[in-house]
1. Just give me the residues in segment 54-101 being open to solvent by 20 Å² or more (accessible area, probe 1.4 Å), β-branched (Val, Ile, Thr) and over 14 Å from the mean Cα position of the chain (by Cα), in sequence order.
2. Show the residue pairs that are 6+ apart or on different chains and have beta-carbon atoms under 8 Å apart, the first residue being within segment 31-44 and acidic (Asp, Glu), the second being in a loop (DSSP other than H, G, I, E, B) and buried (at least 19 other Cβ atoms within 10 Å of the Cβ).
3. May I ask you to list the residues in segment 48-103 that are closer than 21 Å to Ser179 by Cα and of a type in the set (Lys, Arg)?
4. Name the helices (runs of 4 or more DSSP H) wholly within segment 31-99 that hold at least 1 residues that are in contact with a His (Cβ under 9 Å, 6 or more places away or on another chain)?
5. If I filter segment 150-161 for residues that are modelled with pLDDT of 70 or more, in contact with a Pro (Cβ under 7 Å, 6 or more places away or on another chain) and farther than 18 Å from Ser122 by Cβ, do I get at least one hit?
6. Return the residue satisfying two criteria in turn: it lies in segment 83-136 and is aromatic (Phe, Trp, Tyr) and modelled with pLDDT under 90, and of such residues it is nearest to Glu64 (Cα to Cα).
7. Can you say whether Gly169 is open to solvent by less than 60 Å² (accessible area, probe 1.4 Å), modelled with pLDDT of 75 or more and in contact with a helix residue (DSSP H, G or I) (Cβ under 9 Å, 6 or more places away or on another chain), as far as the supplied structure shows?
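The values are calculated or read from the model by the stated rules, or taken from the named source; none is laboratory data. Just so we're clear, the structure is a prediction, and the values are computed from it rather than from any experiment. Cβ atoms come from the backbone with ideal geometry, glycine included; neighbour counts cover every protein chain shown. We work out accessible area using only protein heavy atoms, side chains counted, and drop any ligands, DNA or RNA first. Shrake-Rupley method; radii C 1.70, N 1.55, O 1.52, S 1.80 Å.
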Amino acid sequence: MKKYVFLLLALFAISATAQNQTRSITDGETTISYSSITDAENKLIEYIDDNDSYCGFPSELFSELVMNDERCFGYDFGRLIERAEDATVRPLRVVASDDGNLRLYTWDVDGGTMSCYSGIVSYRNSNGIFSHTTVNDDYWDIESDDESQNSAYIACGAFEIETITLPNGSPIYAIFTHSSGSSIMHMTTVEAYVITAKGIKPYNLFKHNGDEMNTVSFYRNPS
């Protein structure tokens, strides 16, 4: 019995050590060492406090954190969102699907009346958790030697993910994003995706004039 208790204590100690392992993120000029995601969030907030300006959000540091530390998956970053938006007057969004298998992180890199978003898409499939950066208002398939890394890039200011369940039980993720060209020109886009063993892929959920597509857009321009 004592042997089993000792083994359990040893396993707990190893687990605790792994959880508190120090890691680092850098943007080339600033390096932050952290022991947990909460610790990283606190230090990113400190960075914003020390560089409080319209461009104060540490996008490179945040991107490296999310893309290289799987512990971010499931973390809401609520305090960082609040502090970043207070400092930059720009939206930083973290949205997730109901089943927790898809998460989008987006932020406005320009501000003003014309929005230009960058961010990260993270998803979980049978091979693990993967994250990719996004680029402005476009997406494309990323070809990789590792097929599990192939992924469609999703961008723009994501604000909601709705899950549609197919008759076979498979989920389709409808991602709602927003962009604006000026104070009166706005666009909402809905993009449909599925997560497979090879990555996140566009799904042709919509039809228009006989054509199947994975995305539809709605424009508003009062003029």
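1. Within segment 54-101, just Val89 meets the criteria.
2. Close Cβ pairs satisfying both conditions: Glu41/Phe77.
3. Arg90, Arg93, Arg103
4. In segment 31-99, 59-68 are the helices (runs of 4 or more DSSP H) which contain 1 or more residues that are in contact with a His (Cβ under 9 Å, 6 or more places away or on another chain).
5. no
6. Selected residue: Trp107.
7. Values: open to solvent by less than 60 Å² (accessible area, probe 1.4 Å): yes; modelled with pLDDT of 75 or more: yes; in contact with a helix residue (DSSP H, G or I) (Cβ under 9 Å, 6 or more places away or on another chain): no.
The answer is no for Gly169.
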